[in-house]
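Student: The structure's right below; bear with me while I get my questions together.
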C-alpha cells in the first residue's frame, strides 16, 4: 500500500482564495454560526426545563390541565 510522505504533500497544488472570496465566505458562514449558537442555547434551555419539569410531573407534584383538542386549536 502506498504511503503519503512530505514530498507528496509538497507537490500538491494549493488554491488560495482572494480576500474578496474570503470576506464573502465569512459573511455567509457568520449567519450560520449565529444560528448554531442560538439553537445550542435553546437546546440547553429546553433540556433544563425537561429535567426540572419531568420528575415533578411523574411524581404528581405538578399537574397540567388537559391539552386542547386539535379542533379547538384550529378555531
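The values are calculated or read from the model by the stated rules, or taken from the named source; none is laboratory data. These numbers were taken from a predicted model, which means no experiment stands behind them. Note that each Cβ is placed from the backbone with ideal geometry, even for glycine, and that neighbours are counted across all protein chains shown.
Student: Would you confirm, using the coordinates I've provided, whether residue 7 is out of contact with any strand residue (DSSP E or B) (no Cβ under 9 Å at 6 or more places or on another chain), at pLDDT 95 or above and in a helix (DSSP H, G or I)?
Tutor: On the way: out of contact with any strand residue (DSSP E or B) (no Cβ under 9 Å at 6 or more places or on another chain): yes; at pLDDT 95 or above: no; in a helix (DSSP H, G or I): yes.
So residue 7 does not fit the description; no.
Student: A further question follows. Any idea which of (1) assigned to a helix (DSSP H, G or I); (2) at pLDDT 95 or above; (3) exposed (fewer than 10 other Cβ atoms within 10 Å of the Cβ) is the one residue 16 doesn't satisfy?
Tutor: If we test residue 16 against (1) assigned to a helix (DSSP H, G or I); (2) at pLDDT 95 or above; (3) exposed (fewer than 10 other Cβ atoms within 10 Å of the Cβ), just (1) comes out false.
Student: What's the number of the condition residue 51 fails, among (1) exposed (fewer than 10 other Cβ atoms within 10 Å of the Cβ); (2) at pLDDT 95 or above; (3) not in a helix (DSSP H, G or I)?
Tutor: That leaves (3) as the condition not met.
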